[in-house]
Structures are given as C-alpha cells and as structure tokens.
1. Relative to the present Cα-Cα distance, how much length would full extension add between Asn262 and Thr237 at 0.36 nm per residue of separation?
2. First compute the accessible area of the stretch 18-96 with a 1.4 Å probe, then give the percent of it belonging to carbon and sulfur atoms.
3. What's the magnitude of the charge dipole for the chain around its Cα centre, counting Lys and Arg as +1 and Asp and Glu as -1 at the beta-carbon? Answer in Debye, nearest 20.
4. Report the gain in length on full extension from Thr223 to Ile183: 0.36 nm times residue separation, minus Cα-Cα distance, nm rounded to one decimal.
5. Using only the heavy atoms of the protein chains and a 1.4 Å probe, how would Arg118, Arg92 rank by accessible area, largest first?
6. Stretch Val108-Leu244 to full length: gain in nm at 0.36 nm per residue minus the Cα-Cα span?
7. Which stretch or stretches of the stretch 1-33 have amide N atoms under 14 Å from the point lying 7 Å from Asp52's Cα along the Cα→Cβ direction?
8. Cross-link list Lys110/Lys157; Lys129/Lys149; Lys115/Lys145: which exceed 20 angstrom alpha carbon to alpha carbon?
Amino acid sequence: MSSKIAVIGFGNIAKAIITPLFENKLLNPEDVYCLVNSKKSLEKIKKNYNYDINIFQANTKDSEIIWDCQFKLLSVKPQQLKNIIEVNKNKRNLLVSILAGVSLENLVKKFPNHKCVRVVTNIPITIGKGLTGISWGEGITEDQKNFIKRLFENSSKIYEFPEYLLDIFLALTSSGPAIIALIIEALSDGGLSGGLQKQLSEELVMEMILGTVSLIKDTNLTTAELKNMVTSPGGTTISALRVLENKSLRSALIEAVVAASNRSKEFS
Ligand SMILES: NC(=O)c1ccc[n+]([C@@H]2O[C@H](COP(=O)([O-])OP(=O)(O)OC[C@H]3O[C@@H](n4cnc5c(N)ncnc54)[C@H](OP(=O)(O)O)[C@@H]3O)[C@@H](O)[C@H]2O)c1
C-alpha cells in the first residue's frame, strides 16, 4: 500500500480505519494527507496524534495538495458534505465514502472526476471489531477493490453488497450497537430492581450476552435450540418469555430495524 492517500475529514471513524494501518506498518504516515475543518482540530491532532501525518485545515491554499492523491477516503458528517468542493486535478481517481445515506449516484454527481465506492461501517471499528459493508461503483478494477478491502480488513470484517442492501446492513450493524446498549441498560435495570448494585448488574448482563453469543457460535446451536435448552416447563424462563411476547418485544425489534433502514433510504 504505497500510493498517497487523502483523508477528507480526519475524525473518529477515519482515525479508527487509518491508525491500525500505521500500527501494522501497512501505510506510511508520510503518505497520508488529511483534512479537518477547524484550526482547533488541526492543532489537537498535530499535538496528540501518535503518527506524523500531513494534515491541513480545509479551504487553505496548502490543503489543495490532497486533491493530488489518487485515493481519497471521505469521512465528514453527511451535513458537512456540501462544504467539500472537488478540485479538478486528476481525472478518474478513486473516492471511498463512509457517509451514511449518501448514494453512489449522489457521490458521482458531487465528485465527477472520481470513481466512487460506498462503504458502511460501524462504531466497534474503533476497537478493531467493526463490520464493513462495501458497494462498488462503476469501473472499479480488481486491484482497486483489493486495495480498498485491505484498508478496512485490519479493523473490521468485510461484506460486499449491491447498493440496495446497504440500508438494511446499516440498520442492523450501525444502529445495532445502540439497540444492544439499550437492551443491556434495560436488563441491568431489571437486576437493579431485584436488589443488585447497578455496576454488578451491568457486568452480569454483558458477561451473559458474551457467553450466550460464544455458545451459539462455538456449538452451532440454533437460537431456537438454545432457547429450548434453558426453558423448562412451568419454569422461570418461560415466565420471562411470556412477558416479552405479551409486550411484543420481538415485533418491536423487527420494526426498529426496518425503521432504521427506511430512514437510511430517505437520507439517500
Ligand atoms: N460515528 C459513527 O458511529 C459512525 C459509524 C459509521 C460511519 N460513520 C460515518 O462516518 C462519518 C464521520 O463520522 P465521525 O464520527 O468520524 O465524525 P467526526 O468525528 O465528527 O469527524 C468528521 C471530520 O470531518 C472534518 N470536517 C468537517 N467539515 C469538513 C470540511 N469542510 N472539510 C474537511 N474536513 C471537514 C471534521 O473536522 P473538525 O473536527 O475540524 O470539525 C472532522 O475531522 C459520518 O459521515 C458518519 O456517517 C459514523
């Protein structure tokens, strides 16, 4: 991975993608040209970031150098996209966008001198446990695909999709962590109601979830088989499940994922 890389918006997610590539010596900091919006961010990164990257404030003369890079990672917030103006330097460069809800069609309109790729990733990428969905735009070569996959595979598992499936991928994987956090919070409040200390209750819930997921993955049990294993006639678990069925938890979760996906489609 030697060619120069521009990162338009060097925020949380961009750092999570790029930093492991430095750590694993797959990328040289001097080959990376980053843009931020504010002087404050620029100075903070210069002072605190562990690697000596090239970093510029947007809309300065010096920052135009980023448009010379053949490969660009676009990682501003969707509402900040309007402030990015393509500087027409090299034709047919490659731009990978991680912006939620910005379609390939709109990316190509915004960056007509670039071949575009759309990527959806999720917050666990910040600890190297992300999930990344990729939709290839027109005319991306196999070499370019491999290059892009190498960028993300250090910090996430990669799935390739036609673009129409990115919304549901985003709903499950990007909104999913908030849904799981809410479930952890609610279950540990249940423990609290039964007299456990908040911290212990939360720890028990998280360990229980990790153990359950490992059990399903390690033993190839189906979720139905696992449910049956721990649900005895007239027992405690069926009492809990009855309440959840009565409150339509299953339907609420399905509708939550569909709603997130529909919202993502609206943004596009
Ligand atoms: N957060 C998530 O869970 C998550 C997950 C997956 C994907 N995403 C996507 O990732 C993207 C970035 O999210 P984030 O959480 O990393 O945001 P963030 O931390 O706010 O980073 C945004 C970066 O863009 C810079 N920026 C703003 N306007 C700019 C401009 N005109 N020119 C150049 N740089 C500019 C900001 O600079 P300043 O600091 O100076 O403002 C900042 O460095 C979003 O589009 C989001 O949809 C987010």
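1. On the way: separation 25, 0.36 × 25 = 9.00 nm, distance 3.38 nm.
Gain in length upon complete extension: 5.6 nm.
2. Carbon-and-sulfur percentage of accessible area, whole number: 45.
3. On the way: 32 positive and 27 negative charges, 150 e Å.
So the magnitude is around 720 debye.
4. That pair, Thr223 and Ile183, stretches by 12.6 nm at full extension.
5. Numbers: Arg118 5, Arg92 135 Å².
Accessible-area ranking of Arg118, Arg92, largest first: Arg92, Arg118.
6. My answer for the length gained is 44.4 nm.
7. Answer for this model: 28-32.
8. Lys110/Lys157
The values are calculated or read from the model by the stated rules, or taken from the named source; none is laboratory data. Keep in mind that this is a model prediction, so the values were computed, not measured. As a convention, Cβ positions derive from the backbone with ideal geometry for all residues, glycine included, and neighbour counts pool all protein chains shown. In case anyone asks, the SASA skips ligands and DNA or RNA and just uses the protein heavy atoms, side chains included. Shrake-Rupley method; radii C 1.70, N 1.55, O 1.52, S 1.80 Å.
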